[in-house]
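The values are calculated or read from the model by the stated rules, or taken from the named source; none is laboratory data. A quick note: this is a predicted structure, and the numbers were derived from the prediction, not measured. Don't worry about glycine lacking a Cβ; one is built from the backbone with ideal geometry, like all the others, and counts go over all protein chains shown. Accessible surface is based on the protein model in full, side chains and every heavy atom, while ligands, DNA and RNA are left aside. Shrake-Rupley method; radii C 1.70, N 1.55, O 1.52, S 1.80 Å.
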Amino acid sequence: MKYSSVMYLHKGCEAEYKKRHDELWPELADLLKSYGISNYCIYLDDAESRLYASFDADNLDSEGLAREPIMQRWWAHMADIMETKAGSFEPISTALHEVFRFNVQEAHLARVVAVLDIGKTNIKICLMDAQTGVLKDVIKRSNGVKDHGLYPHIDVNAIWLWIKDTFISLTPNYFIGSIAITTHGATAACMKGDELALPVLDYEYDGIDECLAEYEQWRAPFSETFSPLLPQGLNLGKQLYWQQSKFPEVFSEVTEILLYPQYWGFLLSGQKASEVTSLGCHTDLWSPFARQFSQLAKKQGWDKLFPPLIETGAKLGNILPAFAEETGLPKNCAIFNGIHDSNASLVPYISKPLDSLTVISSGTWTVIATINGDLDSLDERKDMLANVDAYGRATPTIRFMGGREWEVLRSDVEGSLEDVAFILENGVFALPSFASGGGPFAQCEGRIDARGLSLTAGQKSALADVYVALMTDYCMDMLGESNTVVVEGAFSNNLNFLTLLSSLKANSEIYASRDVTGTAGGAALLSNKSLKHKGRLSLAQCDSSLKPLLNLYRQQWRDLILSLNKESSDE
């Protein structure tokens, strides 16, 4: 943002004013830079002894700058030659309003919004242009779990060090005016003051289910929370119940429970908050219709441990001074209240006046949500639930571990459409499920029926593509048809997947997001209301030559999974 003003010089002091600015204190220059001020120019009108100043800054904390001792000393140094406010040395200034701009050049440092995107498999810092929302850079590393200690847990210290080192490497080339946050769900930090009371539990830890029988007696019905009962720690309420039961003395000292995006927001800003998208996504802790904590959370007293709810994407505060100094980030870098990653993918679409639109967010999980969809379609036995969007509204959702299963099935060689045709023609089937975390067939053990054939590396990858396309198609049918479907994330770049899904869904237009990560774009858009982010979409094309064979294959695949489902139920 550009700031412009006029100041008033005492007549005859023009040369002295220029001399003092030619000898500008280095410490004052460093202070102005730390507040994100650049392109600072002052022009003199000799006839009227008026000074016209302009500079660029994002999220300028003008009150904080005015309180800085160096700034106050400079004003005192200049007070004898300028008109100043009564009772202080601050120069009198009048704001100027821009009425014309032409061919303005960019500043030396690119101005960006940084999005901290912590997924289950990868951690990324995405830099989005502060005006256009165009992705300028992505830095990422793999994510993992530490198995030693009290229980498998997330190595938050290693993540934090990586975040610091990454920002240190970025600040020489980018002006980062704000940081938005998005993370995977089913994760929370139990705090004792400003430190962790317990390690941040990995939601895939099987040991959490040892409390299942007791927990089921406490949890609220699906009709209240729209949270299905899930394995491992995918219900955050089950995690908390297990930690409370297993470590009662330590848990009794917990002062706050921070949802995972808010934990990182606290480390960056020092402010503790809660937020509805992470609180309302299959946690058992939230009642979407009542928009309040569930009976489970109230009976256990956990509702009193969550900090106050703050609007998704609202400003938490500025970056902590010590972190700014260590990394080179500007002192006024704004930190925004984070969002659950699948909900971040919905942000560009939830305010659009559409009857219904389905967004497929793909990563470790494939999460399929229909905006303005019908909640009556939800079946908790199929891992269907109500997501809670950034506006607090219940959104019908179904999911499966598509990215995880695709990794299990594929090879290192990309499959071609010819490989896809081979899979369809020869009736080679992958039958769910190849991940234990959830999905409509979580109770079934995955298997491959290769019909005695030995598959090439390309054919194995094609089978993976066919499998995730059929699973996505099945899940979309469970939710109900939408005229428009947008694929975000990893599968938006999988041509086989897009072609197959478009061929399966003849009544829907399937679009692929051309943004590298829809979660980062959504988080940036929510946190920067002036951002002119427009998601770039391309229409996926069906393959008419595959359609007859694909429809027959789909029917055979569904017949097989129905028989598997029946076998599992009989057992």
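For the reader, a short list of remarks on this structure follows.
- Descending semi-axes in whole angstrom, ellipsoid equivalent of segment 71-176, from the Cα gyration tensor: 44, 22, 11
- Each Cα pair under 8 Å and six or more residues apart adds its separation to the average, and for the chain the resulting relative contact order is 12 percent.
- Share, in percent, of DSSP beta bridges within the chain that are antiparallel, nearest 5: 75
- Helical segments meeting 18 Å axial Cα length and Kyte-Doolittle 0.5 threshold in the chain (DSSP H): 156-170, 457-479
- Where a label projected 7 Å from the Cα of Thr121 along Cα→Cβ would reach, residues of segment 403-434 with amide N under 11 Å: 403-410
- Across segment 291-363, C-alpha contacts under 8 Å between residues 6 or more apart give a mean separation that, scaled by the residue count, equals a relative contact order of 23 percent.
- Where only DSSP H runs of four or more residues are counted, the chain gives -9500 deg cm²/dmol as its mean residue ellipticity at 222 nm, each run worth -39500 (n - 2.57).
- The shape of segment 17-100 comes out rounded: with a ≥ b ≥ c from the C-alpha gyration tensor, a/c is under 1.5.
- Here Rg/Rh (Cα atoms, Kirkwood Rh) was computed from the coordinates, and among (1) 0.98; (2) 1.06; (3) 1.13 the match is (2).
- Cα-based reach from Lys382 at 13 Å (exclusive), listing aspartates and glutamates while leaving out same-chain residues under 8 positions away: Asp477
- 29 Å Cα-Cα threshold exceeded, pairs from Lys238/Lys304; Lys140/Lys238; Lys85/Lys272; Lys146/Lys272; Lys164/Lys299; Lys164/Lys192: Lys140/Lys238; Lys85/Lys272; Lys164/Lys299
- The Cα atoms of segment 1-144 give a gyration tensor whose axes a ≥ b ≥ c have a/c of 1.5 or more with a/b greater than b/c, which makes the shape prolate.
- For the chain, the solvent-accessible area with a 1.4 angstrom probe is 44 square angstrom per residue.
- Measuring nothing but protein heavy atoms, the accessible surface of the chain at 1.4 Å probe radius is 51 percent carbon and sulfur.
- Listed by chain and number, the lysines placed with their C-alpha closer than 19 angstrom to that of Lys2 are Lys33, Lys331, Lys529, Lys532; residues fewer than eight positions away on the same chain are left out.
- Whole-angstrom gap from segment 242-284 to segment 446-468, using each part's C-alpha centre: 42
- Cα gyration tensor shape of segment 241-302, rounded if a/c is under 1.5, else prolate or oblate by comparing a/b with b/c: oblate
- Rounded to the nearest 20 debye, the dipole magnitude of segment 168-252 is 260 debye, with +1 charges on Lys and Arg beta carbons, -1 on Asp and Glu beta carbons, and the Cα centre as origin.
- Heavy atoms of Glu326: accessible area, 1.4 Å probe, square angstrom to 10: 100
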